[in-house]
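Only the coordinates and a few stated rules stand behind these numbers; no lab work does. Just so it is clear, the structure is predicted and the values come from calculations on it, not from any experiment. Positions of Cβ are generated from backbone atoms using ideal geometry, with glycine treated the same way; all protein chains shown enter the neighbour counts.
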Amino acid sequence: MADVVSVRTVVGMEVHVELATRTKMFSRTPNVAHPDWYDAAPNSLCDPVSLGLPGALPTMNREAVEMSMLVGMALGCVIPDQCSWDRKNYFYPDLPKGYQISQYEHPLCGEGEMEIPLAAGGTGQIRICRAHLEEDTGKSGHELPGGIPSEGSIIDYNRAGTPLLEIVTEPDLSCADDAVTFGRELRSICRALGVTEGIMQRGHMRFEPNINVVMTLSDGREVATPIAEIKNLNSFRAVHGAIEHEVERQVAQWREDGLEMGPGAKSTRGWDDVRRVTVLQRSKEDAHDYRYFPEPDLVPLQVDDAWRDAVRSRLPELPMQRRERYVDQWGVSAKDAAALTEIPATADWFDAAAAAAEGACDLDGAASAREAAKWVLNAAARLAGERGVEPHECGVTATQIGQLIAMRHAGDIGSSAANTLFEMMCDDDREPRELAEGAGLLQVSDAGALDGWIDEAIASQPQAAEDFAAGKDAAAGRLIGHIMKASGGAADAAGVRAKLVERLRG
């Protein structure tokens, strides 16, 4: 057998997005993917439609359709004039009807594309094959509540009937890093559109990479391995690990059996997150195995220009556009821009804080934004982490941040006192200046007060005073630190240093 000279990874993605409508796809029962119903007891959100009881008929959820159209438009997909519903037939315990209402030949969203930054540098276009709307299945489990082992599988049908948008890409991804980038970018888009909370641990987004490798052999031939689909990955760590493992496994498997890609050679595998390996589940079904046929209980869906325009008017600024604005217009670093746009509500809060800062002081828009970014990404993020909330939920208003930045810019408050003040603002909606006055945090620049603190520092730190007088700038830190402690952070640090220079080097 010829040697393997090089290996090229080929990955296409199937991404399932649970839509956060208030009700299910084909009934008016509450939807477990909506925040109001996250903690619903198992099997409490069931109805005759989602359980497939005799005589129950589906009724289409218009909001789920519009959410799907929003995603399609954000991805540049074609929204056709008509789409239709199909029955996808298969048996599994979490599918009580024995079929899933889905879309096959005529999906709601056709071809599109999404641009992502590539691990190798630059950007690449990931082609979208389709995005079709369907209903989710129930959820199988093997543990009782509290993690108690169960003798058999248990089923929770709360998820059955949840609106599910399946986004399918062409095989345009060439490494695990790019696949994760695509997933993160798609999640950011869906969050910005407000169609899902995107909480991976709750299964709001599930990724199924289709992976194979193309090997160049020493005799000049190119050989492609059979495609493996890895099912139901609900973390980016799992996506990355599964792809990297599968590439190594497929090369080793080919060396062992020489099996190449061809009809009937596809497989479905699961991911063992503990052992970090994929596990064979079954041979991959083809479309004809599902015996698709038109759904007899639903008429085709007609989409006219007026409906498309009404949905398109709801499109917000997308995450990539927002990041570009932060970087190009405000000079925020690419890393900080990515962090700021991770959660749409935090990005909105940051925008409001930047505007408030610009209105409260004489900083221009770019400088105001950079100062606001520091507070959002540092103090707010730290306190939010301690409180178990997102940065925009830490209790500080955008107006307060703007006023705090103005106080710092005017020299009314020192850096350490400003951090103390920020923590106070988390629990008090009064203006920062009022809070600072009440807590004695305003910076003191009175010459008499500064002279008194400097006298005390020189007396207690004589060696530091001598070193600074001799030209050792680092010694100023001990003196200034003593003064800031003595003043409770109220001393003007810049004024203190100027007076030390005047006093000891004059």
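Numbers at a glance
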quantity	calculated
Relative contact order [Cα under 8 Å, 6+ residues apart], the chain, whole percent	13
Farthest positive-ward along the chain dipole, Cα basis, beta-carbon charges - from Ile343, Ser84, Ser140	Ser140
Cα-centre dipole for the chain with unit charges at Cβ (Lys and Arg positive, Asp and Glu negative), debye to 20	580
Charge sum, other residues only, whose C-beta stays under 10 Å from Ile128's C-beta, Lys/Arg counted +1 and Asp/Glu -1	-2
Under 12 Å, Cβ to Cβ, from Pro300 - net charge with Lys/Arg +1 and Asp/Glu -1	-4
Alpha-carbon centroids, the stretch 344-372 and the stretch 232-249: separation in whole Å	39
Hydrodynamic radius of the stretch 319-439 per Kirkwood, over alpha carbon pairs, in Å	14.2
Debye equation applied to the C-alpha atoms of the stretch 287-384, log10 I(q)/I(0) at 0.16, 0.18 Å⁻¹	-0.72, -0.84
Kirkwood-type radius of the stretch 447-505, with distances r between different C-alpha atoms, in Å	10.9
Restraint check, Lys88/Lys266; Lys24/Lys88; Lys231/Lys266; Lys88/Lys139; Lys139/Lys266; Lys24/Lys231, Cα-Cα greater than 21 Å	Lys139/Lys266; Lys24/Lys231
Positive-end residue, the chain charge dipole about Cα centroid, Cβ charges, pick of Ala176, Ser218, Ala406	Ser218
Value of D in µm² per second that Stokes-Einstein yields for the chain, Kirkwood Rh from Cα pairs, at 4 °C (1.567 mPa s)	48
Whole-Hz couplings from phi, Karplus 6.51/-1.76/1.60, listed for the stretch 174-185; x for Gly and Pro	10, 6, 5, 4, 5, 5, 5, 4, 4, x, 5, 5
Dipole of the chain [Lys/Arg +1, Asp/Glu -1 at C-beta], most positive-end residue of Gly12, Ile243, Ile167	Ile243
Ordering of 468-477, 361-370 by burial proxy (mean other Cβ atoms within 10 Å per residue, highest first)	361-370, 468-477
Ratio Rg/Rh [Cα only; Rh per Kirkwood] for the stretch 101-203	1.06
Helix-only CD estimate at 222 nm, as mean residue ellipticity for the chain, using -39500 (n - 2.57) per DSSP H run (n ≥ 4)	-12000 deg cm²/dmol
Sequence ranges 297-308, 325-336, 75-86, ranked by mean other-Cβ count within 10 angstrom, highest first	75-86, 325-336, 297-308
Mean-position separation - Cα centroids, the stretch 119-189 and the stretch 391-463, in angstrom	47
Binned Cα-Cα distances of the stretch 138-291, short to long, each 10 Å bin given as a whole percent	9, 32, 34, 19, 4, 1
Sequence-separation-based contact order of the stretch 442-506, relative, with Cα cut under 8 Å and 6+ spacing, percent	41
Under 23 Å from the Cα of Lys472 - lysines, other chains or at least 8 residues apart	Lys485, Lys499
